[in-house]
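Just so you know, all these numbers are worked out from the coordinates, no wet-lab data involved. From a predicted model like this one, the values you see are computed outputs, not experimental measurements. Cβ: placed from backbone, ideal geometry, glycine included. Neighbour counts: every protein chain shown.
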Amino acid sequence: MMYSVKELYRPETLTDALAYMAEHPDARPIAGGTDILVSMRKKKPEDVLLVGLQNLQELRGIRRRDDGTVEIGAYNTFTDLANSPIIAESVPMLRTAALAMGGPQIQNAATIGGNVCNGATSADSAPGLFARGAILVLRSAAGERRVPITEFYDGPGRVKRQSGEILVSIELPAYSAAHYGDCYIKFSTRKAMDLALIGCAASCGVAEDGTISDIGIALGVAAPTPIRAVEAENFLKGKRLTADMLEEVGNLALANAKPRDSWRASKAYREQIIRTLARRAVRAAYEMAGGVL
Amino acid sequence: MQTIHIKINGKDWTGPVEDGETLVDMIRYRLGLTGTKRGCEVGECGACTVLIDGVPNASCMWLAALADGKSITTIEGLTNEDGTLSPIQQAFIDAGAVQCGFCTPGMILSAYALLKRNPHPTREEIKVALSGNMCRCATYEQVMEAVERASDLLAAAVVEKE
Amino acid sequence: MDKHFVVGQPVERVDAYDKVTGKATYVGDMKFDHLLQGKILRSPYAHAIVKSIDTSKAKALPGVRAVLTYDDVPHIPFTPCGHPLPFDSPLDSLIFEKEVRYVGDTVAAVAADTKEIAEKAISLIDVEYEELPFLLKDEDILAEGAMEIHKDSKNIIGETFTEYGDVEAGLRDADIVVEDEYRSPIVTHAQIETHISIVDIDNHTGKLTFYVSNQVPTIMRERLAYILGLPRRMVRIVKMTVGGGFGGKQEPVYEFINAVLAQACHCPVMLELTREENLSCTRTRPSHYFKLRTGVTKDGKITTRDLYTIRNNGAYASHGHSVVLNEYGQFEGLYPCPNTRFDGKTIYSNQLIGAAMRAYGMPQYCIANESHIDHIARTLGMDPLDFRLKNLYKQGDKRNFGNYYSDHTCGMPQVLEEGLKRIGYREFRENPPADDGPIKYGIGMALSTYQACVFPFSCEMSGARLMLQDDASATLFINCTEIGQGTDTVMAQIAAETLGVPFEWISVVEGDTDLCPADMGAYASRQTYVTGQAVKKATLQCKEQLLERAGVMLERPAEELDTRMGKVIEKATGKELIDMPKVAENMIYHLTEGGTCGYEAGFIPVENVLEYMGSFAKVAVDTETGKVEVLKLVTCMDCGNLINPQTAMGQLTGGSIMSFGFGMMEQVLIDPKTGRVLNDTLLDYKIPTFADVPDIDAQFIHTYDPAGAYGNKALGEPPNITPAAAIHNAVYDAIGVNIPTNPLTPERVYEAIASAKQGKEA
């Protein structure tokens, strides 16, 4: 396949990349390439300008700051996420998500930054990042912008990345509770090489007495963009989880969802899966944080 | 057009590629290494799997220019110069893990990379590591056995060396 | 049964080394000096008239070498169906259509210097279409006064009706009549290598050489010459390594298009389909509808069986109705009874084309029939196993349908015994596992028969030529088609066994119509059964000539001699007398008696036999999501004696997994509003990945059938029949609902559970 690429620019530094993007407002960043090439093959745009992000060290690395914030460089492949001890300790659901995405070849190339900027509601990284209230750090020649991920998605396949901007890193604010647990469940027909029919993430901070101090519940493919299940979160905050409450968690998760009928699944079925996954993910996150039902 | 430098199957290669050229086409047409197959062009079948710095990648999902500076291994790179086979290739033959053969090069490379990083994988680990390589003949049972055999062969070779 | 030396050995496949090193040459790997790339312009509408085509912009594009439309090519109506002569399908197809009948139908084609230019040129062709109404559903297609998709066809491709006994009386007199409807989805082969060919032209003679990825070289030669209006001598088919066939490459699919492009450009043209084309406009196993009615006595004896089936074959007939005839042949394979009726119809519709796919109608018939059998058993309050045991065919029983099958061997009792033991059927029934929260468990089985070739319905000719070399090695020339199933290896084993030489002494030249004798090709699981006999026949003649010379050299009557693993031996004692290479050398280099030794033989079977198979599955169903986990899948297979146990096992486990995909996840979805295929990628057309494969236990049941060259029956397709049906019945067992379709997607299973619950509550 020969794509119609006018120039593939390969900058060595972020500054260099941002300067090029400022000069060429149409230029599109390319990281792992696994989304952009698929889209180019379908839409056949001509004379595309691409900026390869491979060499930008500023986009690499996964760090945990002293305050517990986890900072994930945008150019981390899903394999990087899966292999990171920081992720395994601090946000294990992102490891689950990384290993659930596509297959090994795609995990080895696709980046978390690309996954976010592609704007798909089915993005496997999204529910976890939404649940944890991730902050996106975007840079352009003009400066830096910090955007909560919950405000970044703009519709199916659309995000509020402005022309000239590159997503540099993703920050996950720390949970202060004594105990932490989380869970991502991807529901799909196949066990690999598949899209989520529904994805659900729950993260949970649990105090010594078993009450829930922090809670994030997020859903993929439940609406045109990933969403937080705010009502279910509000219901759980400050409470000890009991088996009886789970039914309500499932129902409340639906309150924020707007699943649609498509040939991949009906609305009614997606609703059933949302209810079921929300129950299961919350329970698993709570139990992982030491909570006992 | 840009000039890139890569290591292909251990040998240095410097040459021009188009900016929009995919790695799989570069490998097949510029380098003439047609053991790398093309099955979907969108990273969904695994037939074009090559190792980039030792890691399995879908070469249809890479622009060739982005592989600049990388070391690439294709199926041709696993065969010794005298034509003898690497343990994983031999194991594929011995286990009957070859049918139509179109997925075989990619499958072998994924298996090779798995054994490099995990010399004694469990069945579950094999399934996961090879889940990006579709085989419509569904030779999966035999591939599983081949990976296990190769694991034993490699372990025996290590013992022998020691 | 004599002792075999090469047959029965898991020898290394003759193509294995090339395939593990990347040296095997598929069509796309061939190198030509100036190879043009072809591309097809396809209809965006399910049904339309092509009013006008303007190719001027496309022709003006630099790098474009030819743009061809209806007006530029022959208009000889043909059927692509890859069956031997005479034509047994309607001649309803053209190279390019003026009336397009499905989304993807061929309108025009381009040859250009590169694929990208060809693609661009396609987008520059302006076509004016007049859209017409289109038909997808059986009931609309068969409605009184329905639009005819092909003129004067009444939308019928073929009909078969046969009745034995008196079915209406049988149903009336039965204690209980159980009725079921079943509909299977459209599925497709999804070969990892998409359809591809290169057509080269000899500009002096005009002779075309087709380098193809195809299962039927002999038939391709006849059919492509016909389509192009050429004498057959002007067509040569060279079959390259094939990256998967499964029936989807058992006919010319688009090769005639690069042929006309090559003729127009006077140079070779490649046509490689994209994955999307492969999934949305090649060939399918189309949707089948079944209505089954069975009359039984109170104590569980089947007295009457009635089947009505519709095959919705799509826009052109291709294999169409002959697939229904295959279901017809196996209708009474397992459950013969006095009153039987088979009523089958094959119809046109405005969707992609149905053709052959591994096991030719049986995978869908098996789920329909075997789930029906379970339903009857449950209605009677009997265990499905006991009900089957009461009605199963036993050797010597009479069949109405399929009365032409020989009855030398029947491994069904052992299939059952072994399968039930391996799945733990009786233990499960005696001690059923308790529900685990929302998880329910179930167990099920499915049985089937399958033929070994298409005798007596269609020409069953296979040829083979063995050329003895001066060292008693030999070259085997066949057009029996290696498509991954291992036939080159198996035929070499048969030649080696028959000649009495080590396996390594045989080399195979295969798949070239200028070099190799005619053979009907890779379908119907026929090759080991039919070509195997041709190879044996040709080889025996070589052996006879060699022994005659050995007799002269040893001064003994040839009748006293035999061969074994490269030696001439004394037949009576097995004593080694002389090396075969010495004899072979003498045969050629003898001063006065020198000559060549090569024989060609054609073989036509005089009987057909049945394989017997069964699958047994255990599943866990998550009742909150409908997700099914196959915990274990056992398949037992009686396909006669195995020529190569290793390649045979590849077919058995591979076929089982392919069937698992059919039962659990595969379906081509068509937008009812446009007729367009919705899921034309491997992301959305879901074939099983490595991670999905359940715990498979595959076993061969040994029989030695005298009809085969070395006790063999047939194997390629049978493994693809019963697994999906066994899983279906296990799910039925777990949730108590017989879902009347496949695949058993989580959504479908959940809906079945939910509506059953609602039904109970109501």
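For residue C:386 and residue C:56, the difference between the fully extended length at 0.36 nm per residue and the C-alpha to C-alpha distance is 111.7 nm. Residues in the stretch A:203-220 carry Karplus couplings, in order, of 10, 9, x, 10, 6, 4, 7, x, 7, 8, 9, 10, 8, x, 10, 9, 10, x Hz; the curve used is 6.51 cos²θ - 1.76 cosθ + 1.60 with θ = phi - 60°, and Gly or Pro positions show x. Placing a pseudo-label 7 Å from each Cα along the Cα-to-Cβ vector at residue B:152 and residue C:130 gives an inter-label distance of 7.1 nm. Shown for chain B is the translational diffusion coefficient from the Stokes-Einstein equation, using the Kirkwood radius over Cα pairs, a temperature of 20 °C and a viscosity of 1.002 mPa s: 134 µm²/s. For the stretch C:417-540, the alpha-carbon coordinates run over 71, 35, 25 Å along the three principal axes, in decreasing order. For the stretch A:179-288, a Kirkwood hydrodynamic radius built from all Cα pairs, placed in the Stokes-Einstein relation at 4 °C and 1.567 mPa s, yields a translational diffusion coefficient of 94 µm²/s. Tell me the relative contact order for the stretch B:87-161 as a rounded percent, counting alpha carbon contacts under 8 Å between residues six or more apart. RCO, the stretch B:87-161: 49 percent. Dipole check for the stretch A:205-290: with +1 at the C-beta of Lys and Arg, -1 at the C-beta of Asp and Glu, and the Cα centre as origin, the magnitude is about 460 Debye. Considering the stretch A:1-141 at the alpha-carbon level, its Rg and Dmax are found to be 15.5, 47 Å.
Classification of chain C by its C-alpha gyration tensor yields an oblate form. The axis ratio a/c (a ≥ b ≥ c) is 1.5 or more, and b/c is at least a/b. Note on residue C:113 and residue C:151: with the Förster distance fixed at 51 Å, the Cβ-Cβ geometry gives a FRET efficiency of about 0.80. Scaled against 2.2 N^0.38 Å for its residue count N, the alpha carbon radius of gyration of the stretch B:2-77 is 0.95. As a test of the formula, what do you get for chain C when each DSSP H run with n ≥ 4 contributes -39,500 (n - 2.57) and the sum is divided by the residue count, at 222 nm and rounded to the nearest 500 deg cm²/dmol? Per the formula, -8500 deg cm²/dmol.
Only helices enter this figure: runs of n ≥ 4 DSSP H residues, each worth -39500 (n - 2.57), summed and divided by the residues of chain B, yield -10000 deg cm²/dmol at 222 nm to the nearest 500. Span-like helix criteria (full DSSP H runs; alpha carbon extent of at least 24 Å along the helix axis; mean Kyte-Doolittle hydropathy of at least 0.0) are satisfied in chain C by C:645-664. Taking all Cα-Cα distances within the stretch C:200-239, those exceeding 17 Å account for 20%.
Quick one: which of A:44/C:345; B:7/C:19; A:42/C:51; C:31/C:98 span more than 32 angstrom between C-alpha atoms? Numbers along the way, then the final one.
On the way: A:44/C:345 43 Å; B:7/C:19 24 Å; A:42/C:51 28 Å; C:31/C:98 35 Å.
Listed pairs above 32 Å: A:44/C:345; C:31/C:98.
As a proxy for reagent exposure, ranking A:242, C:194, C:162, C:722 by other Cβ atoms within 10 Å from fewest up yields A:242, C:162, C:194, C:722. Size descriptors for the protein assembly as shown (Cα atoms only): Rg and Dmax, in that order, 31.3, 106 Å.
Test of understanding: what is the full-extension gain from residue C:757 to residue C:514, defined as 0.36 nm times their sequence separation minus their Cα-Cα distance?
Taking 0.36 nm per residue and subtracting the Cα distance, the gain is 81.0 nm.
Taking A:84, A:163, A:122 as the candidate residues, the one with maximal mean-square fluctuation in a Gaussian network model of chain A, Cα springs under 10 Å, is A:163. About its Cα centre, the dipole of the protein assembly as shown is roughly 1440 debye, where the only charges are +1 on Lys and Arg Cβ and -1 on Asp and Glu Cβ. Taking other C-beta atoms within 10 angstrom as a stand-in for reagent exposure, C:696, C:353 fall in the order C:696, C:353, fewest first.
Nearest 500 deg cm²/dmol is fine: what mean residue ellipticity at 222 nm does chain A get from its DSSP H runs of n ≥ 4 alone, each adding -39,500 (n - 2.57), divided by its residue count?
-9500 deg cm²/dmol
Couplings 3J(HN,Hα) for the stretch C:440-457, derived from phi with the Karplus relation 6.51 cos²θ - 1.76 cosθ + 1.60 (θ = phi - 60°), are 10, 10, x, 9, x, 9, 8, 10, 7, 10, 8, 7, 10, 5, 9, 4, x, 8 Hz, where x marks Gly and Pro.
For the stretch B:87-161, the Kirkwood estimate of the hydrodynamic radius, built from every pair of different alpha carbons, is 12.1 Å.
Expressed in Å, the radius of gyration and Dmax of the Cα atoms of chain A are 19.1, 61.
Residues C:152, C:54, B:19 in ascending order of nearby Cβ atoms (within 10 Å, fewest first): C:152, C:54, B:19.
Taking label positions 7 Å along the Cα-Cβ direction at both residue A:4 and residue C:379, the computed distance is 6.2 nm, reported to one decimal. Largest mean-square fluctuation among B:46, B:83, B:32, in a Gaussian network model of chain B whose springs join Cα atoms under 10 Å apart, belongs to B:83. With kT/(6 pi eta Rh) evaluated at 37 °C and eta = 0.692 mPa s, and Rh the Kirkwood radius from Cα pairs, the stretch C:537-603 diffuses with a coefficient of 270 µm²/s according to Stokes-Einstein.
The residue list C:339, C:542, B:22 was ranked by how far each Cα lies along the charge dipole of the protein assembly as shown toward its positive end, using unit charges on Cβ atoms, and B:22 comes out on top.
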